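Following: one structure in structure tokens, then a few remarks.
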Amino acid sequence: MSQSKVTLEFLFEAHVRTLALTLRRDTVTNYRCVAHRFLGYLRAAFPLVRRPAQLRRDPHLLGWFRWMCEQDPPLCNKTRADYLLGLRRLLDDLTANGHAIQPDLIRREDFPPRPQYLPRPLSPQDDRLLRDELRRTDDLPANALLLTRATGIRIGECIDLALDCLRQIGPDQWALHVPLGKLHTERLVPLDEDGRRIIDRILALRALAPSARLLKSEGFLLPRFGGHYALYQTLLLALAGAAKRAGCSCPATPHQLRHTFASQMVRFGISLPALMLLLGHKDIRMTLRYVQVTQQDLQREFHAARQRAPQPHSVPVLSVPNRPTSADLPGILQALAATRHLLEMYRRAVSDEKTRRRLQRLDRRLLNVTKQLDHITTAEK
């Protein structure tokens, strides 16, 4: 089949299947969703547009941008930006594979501004109430959520923890091995005694799970009846129920536990580069978005910095003695140094430029005298 007769639908589906060989399943699903929405719009608004070479920025792409803005309920800026990014990737890949597509169909200015959300950690009171309730519940989902709060790992990373995730890295030093996850990286997150107790409790509860459930969970720390998504839903419901029973001021989400961990670590004094490694970020800007610095934190840091601040630096005052302390070359050199210092202080206070230049020439003469005396002192030695 010649390229001029291949439809966009066929090309998009074929390329998405190619992307599935290297990308995560969720990412591939997003690309397939973008292609489905764009092709659905073309079929409704421009049914004659079937091939890549027929695409034009105006009216096809600009019309799709308007269509997304007119949806009810409206699409948020992040969703629209993700659709644009996904479609641009698909079109760029098709162009790289030799298909005739007009350039510059999607431009930088087409992307809506990304919302800059403030971090949403739990308040200290809600955090305490929620953790107390999870400890009282003391089942597998509750302990999994406690582990997420104690380590700051993503909920998906918690679900995929291996059975042997607890690693000893030194005398009385333990870490949680977090497997390859969202950013295709793995890391070791330090564990304190509380974190180790949580893992020990999960292992004890795991041993009590039905054998059929354990067979489906071979190699995983958290047993499951279904797959990854089923366990994720179980944890979501467990967290929502615990927050309601604890009397929290607002519903809690798994990602709030991660924000709460990050903000607490900053209050404990951890550096941002170290926090970035703990959270598994690749960009320090993402770490900054996770951290909430409250007014109480600002007050504490401000007063601590003032207490650590050194005393204001004062310029030493040199005075010319009434008479040399000793009638020798070191005494004369000391008097010359004091005189040059006072002369320079006086020169800086003078506003008349002509007088300032004369005083500067006089200082150079005194400097020459000092050098000559240094030569004499060296020769005598």
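We did not get these values from a lab; they are worked out from the coordinates using the rules stated. Quick caveat: nothing in here was measured; it's all calculated off a predicted structure. Note that we place each Cβ from the backbone using ideal geometry, even for glycine, and neighbour counts take in every protein chain shown.
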One point scatterer per Cα, no solvent, Debye formula: log10 I(q)/I(0) for the range 124-298 at q = 0.15, 0.16 Å⁻¹ comes out as -0.88, -1.00
Whole-Hz Karplus couplings 3J(HN,Hα) for the range 58-71, θ = phi - 60° and coefficients 6.51, -1.76, 1.60, Gly and Pro as x, run 10, x, 5, 6, 5, x, 5, 4, 5, 4, 5, 5, 9, 5
With a ≥ b ≥ c from the Cα gyration tensor eigenvalues, square-rooted, and the rule rounded for a/c under 1.5, otherwise prolate when a/b > b/c and oblate otherwise, the range 22-63 is prolate
Computed over the chain, the relative contact order (Cα-Cα under 8 Å, seq sep at least six) in percent reads 13
Here the range 243-249 yields Karplus 3J(HN,Hα) values (6.51, -1.76, 1.60; θ = phi - 60°; whole Hz; Gly and Pro given as x) of 5, 5, 5, 6, x, 5, 6
In whole angstrom, the spacing between the Cα centers of the range 248-264 and the range 1-70 equals 38
Here the range 187-199 yields Karplus 3J(HN,Hα) values (6.51, -1.76, 1.60; θ = phi - 60°; whole Hz; Gly and Pro given as x) of 7, 10, 9, x, 10, 8, 5, 5, x, 5, 5, 5, 5
If one builds a Gaussian network model of the chain from Cα atoms under 10 Å apart, the most fluctuating residue listed among Ala20, Ala338, Ala246 is Ala338
Magnitude of the Cβ-charge dipole (Lys and Arg +1, Asp and Glu -1) of the chain about the Cα centre, nearest 20 debye, reported as 1040
A correct fewest-to-most ranking of Phe261, Phe65 by other Cβ atoms within 10 Å would be Phe65, Phe261
Across His99, His177, His259, the residue with the highest GNM fluctuation in the chain (Cα network, 10 Å cutoff) is His99
Computed curve, the range 3-110, Cα-only Debye sum without solvent term, log₁₀ I(q)/I(0) at 0.13, 0.17, 0.19 Å⁻¹, is -0.46, -0.80, -1.02
In whole percents, the bins of 10 Å from zero upward hold the Cα-Cα pairs of the range 329-380 as 24, 45, 23, 7, 0
Length-normalised contact order of the range 3-110, Cα under 8 Å, at least 6 apart, in percent, tallies to 34
To the nearest 20 debye, the range 329-380 has a Cα-centred charge dipole, built from +1 on Lys and Arg Cβ and -1 on Asp and Glu Cβ, of 360
Semi-axes of the chain from the Cα gyration tensor (sqrt of 5 times each eigenvalue, largest first, whole Å) come to 64, 38, 21
Under 5 Å from the placed amide H of Phe220, counting only residues 5+ away or on other chains, we find Leu163
Short to long, in 10 Å steps from zero, the percent of alpha-carbon pairs of the range 75-194 per bin is 10, 25, 24, 20, 15, 6, 0
Out of Val350, Val49, Val16, a Gaussian network model of the chain with alpha-carbon springs under 10 Å gives the largest mean-square fluctuation to Val350
